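Just so you know, all these numbers are worked out from the coordinates, no wet-lab data involved. Quantities reported herein were computed from a predicted structural model and do not represent experimental measurements. All Cβ positions, glycine included, derive from the backbone under ideal geometry; neighbour counts span all protein chains shown.
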Amino acid sequence: MRTIAVLNQKGGVGKTTTVANVAGALAAAGQKVVVIDLDPQAHLTIHFGVEPQTITEGVYEVLTQAADFNASLMLVRPNLWLLAANINLVGAETELVNVVGREIILREAMQASRDQFDFCLIDCPPSLSVLSLNALAAAQEVLIPLQPHFLALQGFGKLLQTVDLVNKRINPHLKVMGVLLCMHDTRASLSNEVRADIETFLQSARGSNNAWSGAQILPTFIRRNIKLAEAPSYGQTVFEYDPACNGAEDYGKVARFLLGMNEMPAPVPAASVPAPVPAAPTPDPPSNDPAPAPPAAPPIPIATVNLPPPPACSPAPVRMEPRACSPGLAPQADPLPPAV
Ligand SMILES: Nc1ncnc2c1ncn2[C@@H]1O[C@H](COP(=O)(O)OP(=O)(O)O)[C@@H](O)[C@H]1O
Ligand SMILES: [Mg+2]
């Protein structure tokens, strides 16, 4: 199982959106995926249409060793299991403060289940807390979503240093896979400048023994797309909400990158291409697609895959009424990472 912690101590950069939609794409492509909602705000849990108040066995219960990891997983889509968050998770930090080995509870809890899944994606909270440390101790790879705007790089060095510390002290397998640019506008010179700065920074670490020495900016990025912000209001991934939108295309490409499918797939015969889910409320405005027109290419199966309806889960995911989208948290100050 590849375990990927999706981490950035800033809020509102695209962590939850990335976990939900990459997991949705991987599961639809036949991979067995488990997602873990380590954020007390429970946005990932809500994104899959599950009410956090209904969760009696979730991340908090696993971290406090009141519940078994495997038994707490909910099947929320075919091939896709969720370890959900509930409000109790807010208190986990304080409750675990005197627990010896508190950073590795999740890793140990997951150990027996590793062979059952192909991917585990962990949605981290917007802090470098004991919850994030549990993610870093359990993962082999770190993916950093980053919104390339003013101050985007503030705290980036500290984030990498924290990963490096965890790598040196508690998890020698941990590496930074890379940076995923989210809400990227290729027309904005600031976005391109931030991108260039990150590239220079990462290049300077090549050949070192840092945990980020092999990190790259992912060759694909996520454009700003309103459908990505709307989909969670319906408890859906973007592939269910609007499989033809830019957001579905972009996250499909990220999933393909993770699967090592960087080449365009062989043309799919028209008859075997699944029909898109008829959920597209409105087409994307043309201005939403700043990327140059791609060469004529066959459809990307992951981005167009037609998901069957979710199976019954225990408890059943609750289809939520549309509600205002989360504005995300304001960027946080850099807390010093706890001693690890
Ligand atoms: N590419 C995008 N285009 C438009 N809105 C986005 C995009 N990615 C995320 N959002 C929205 O931005 C907000 C913050 O994203 P989120 O994934 O929750 O960030 P984080 O988990 O880092 O706090 C959410 O309302 C989300 O729906
Ligand atoms: Mg989040």
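Contour minus end-to-end for Ile226 and Leu151, with contour as 0.36 nm per residue of separation and end-to-end as the Cα-Cα distance?
On the way: separation 75, 0.36 × 75 = 27.00 nm, distance 2.29 nm.
Using 0.36 nm per residue and subtracting the Cα-Cα distance, I get 24.7 nm.
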Inset, instruction - Calculate the spin-label point distance for Ile104 paired with Ile87, positioning each point 7 Å from the Cα along the beta-carbon direction, and give it in nanometres. - result: 3.5
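Return the FRET efficiency for the residue pair His173, Gln53: r is the Cβ-Cβ distance, R0 is 45 Å, and the value is rounded to the nearest 0.05. Intermediate values should be presented prior to the final figure.
Numbers: r = 36 Å, r/R0 = 0.80.
Efficiency computed from Cβ-Cβ geometry: 0.80.
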Legend entry - Virtual spin-label span in nm between Thr64 and Gln216, 7 Å along Cα→Cβ: 4.4
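Can you tell me the length gained on complete extension of the stretch Val97 to Met261, counting 0.36 nm per residue apart and subtracting the Cα distance?
Value of the extension gain: 54.8 nm.
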Inset, instruction - Kindly identify region 2-304 as rounded, prolate or oblate by the Cα gyration tensor criterion: order the square roots of the eigenvalues as a ≥ b ≥ c, call it rounded if a/c is under 1.5, otherwise compare a/b with b/c, prolate if a/b is larger, else oblate. - result: oblate
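Give the shape of region 1-147 as rounded, prolate or oblate, defined through the alpha-carbon gyration tensor: a ≥ b ≥ c are the square roots of its eigenvalues, a/c under 1.5 means rounded, and otherwise the shape is prolate if a/b is larger than b/c and oblate if not.
Numbers: a/c = 1.33, a/b = 1.19, b/c = 1.11.
Since a/c stays below 1.5, the shape of region 1-147 is classed as rounded.
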